[in-house]
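Here the structure is laid out as structure tokens; the discussion comes afterwards.
The values are calculated or read from the model by the stated rules, or taken from the named source; none is laboratory data. Predicted, not measured: the structure shown is a model, and the values here were computed from it. Cβ coordinates were reconstructed from backbone atoms using ideal geometry, including for glycine residues, and neighbour counts include every protein chain displayed. Note: accessible area is taken over every heavy atom of the protein model, side chains too, but ligands, DNA and RNA are not part of it. Shrake-Rupley method; radii C 1.70, N 1.55, O 1.52, S 1.80 Å.
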Amino acid sequence: MTMNITNIIKRDGFYVSEDIISEKDLEKLKNFLNNKLIEFPNRNFRLYEDSFKNSIITDTKFEEKINNLINKVLKENDVSSFNRPNYKVLRIVSGKKQKKQAYLYHFDAHLITILIPILIPNNKNNLNGDLVLFPNLRKLHKNILLNIIQKIFFQNILIRRLLSTYFFKKLFNYKFLKIKPGNLYMFFGFNSLHGNLEIEESSTRATLLIHAYDVFEKSKIVKINRDKSIKKEIKNIKA
């Protein structure tokens with residue numbers, strides 16, 4: 001019987017595969033990452049599409065494996081064809097300002113979020129940037145006004161603090177994932193509030209995020225906001 005990944009995500013909040021990312025894939029991702037860490041040491045930063053040329057991230061075979069998984073899940077959700085490119089982000093959390101990158105719970109604009117851990121700390125104090133999910137808090141929709149209202153409500157400082165309490169963790173079906181390099185994690189980023197916990201300031205956490213099926217693909221507001229974020233990161237790297 002063919003595994004239905006959508007049912008697993010709806011049941012558990014996420015899907016994890018140990019087979020898609022090979023040891024060779026992980027080694028190449030680490031090599032690419034190490035070069036970027038030398039270039040931008042002890043900093044929080046994000047890299048986007050233009051930074052991935054001639055790397056494994058844009059390698060045809062690597063992308064084919066990812067796209068096969070994405071297309072399977074989209075088909076399970078009655079999306080028959082999807083040929084638009086994925087939105088990729090390499091996210092690095094490092095240095096003394098890493099605390100600003102913790103507990104930033106948010107919804108994505110894409111239905112599918114894939115997280116590929118590349119470098120994850122293993123500190124005894126458990127400050128390792130573990131992934132937190134509040135699965136399937138909202139339904140898939142294309143109402144941009146409703147999307148803005150939901151983001152304002154769930155992504156403000158007060159709600160983020162409340163989500164750290166036992167009551168709200170239980171209320172919203174809190175999921176705690178100790179992510180591991182070599183594994184691939186998939187969840188519905190549009191539906192699920194998510195973020196990472198704090199890491200030790202002497203450590204580095206690096207993940208490749210791949211987003212697919214842009215729910216608000218035709219929205220100028222979303223595009224402007226996304227372009228603004230990218231420009232901000234480019235400015236941050238050059239600073």
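A few points about this structure:
- Cα-based Lys proximity count in the stretch 89-150, under 23 Å, for pairs eight or more positions apart or on separate chains: 4
- Kirkwood hydrodynamic radius of the stretch 1-122, Cα pairs, Å: 16.5 Å
- When the charge dipole of the stretch 8-70 is built from unit charges on Cβ atoms (+1 for Lys and Arg, -1 for Asp and Glu) and taken about the Cα centre, the candidate among Ser17, Phe40, Asn68 whose Cα reaches farthest toward its positive end is Phe40.
- Ranked by solvent-accessible area (1.4 Å probe, protein heavy atoms only, all chains present), the residues Ser229, Ser202 order from largest to smallest as Ser202, Ser229.
- Span per principal axis, largest first, for the Cα atoms of the stretch 127-196 (Å): 38, 26, 18
- Arg46 exposes around 70 Å² of accessible area when a 1.4 Å probe is run over every protein chain in place.
- Structure-based [θ]222 nm, the chain - -39500 (n - 2.57) summed over DSSP H runs of at least 4, per residue, nearest 500: -11000 deg cm²/dmol
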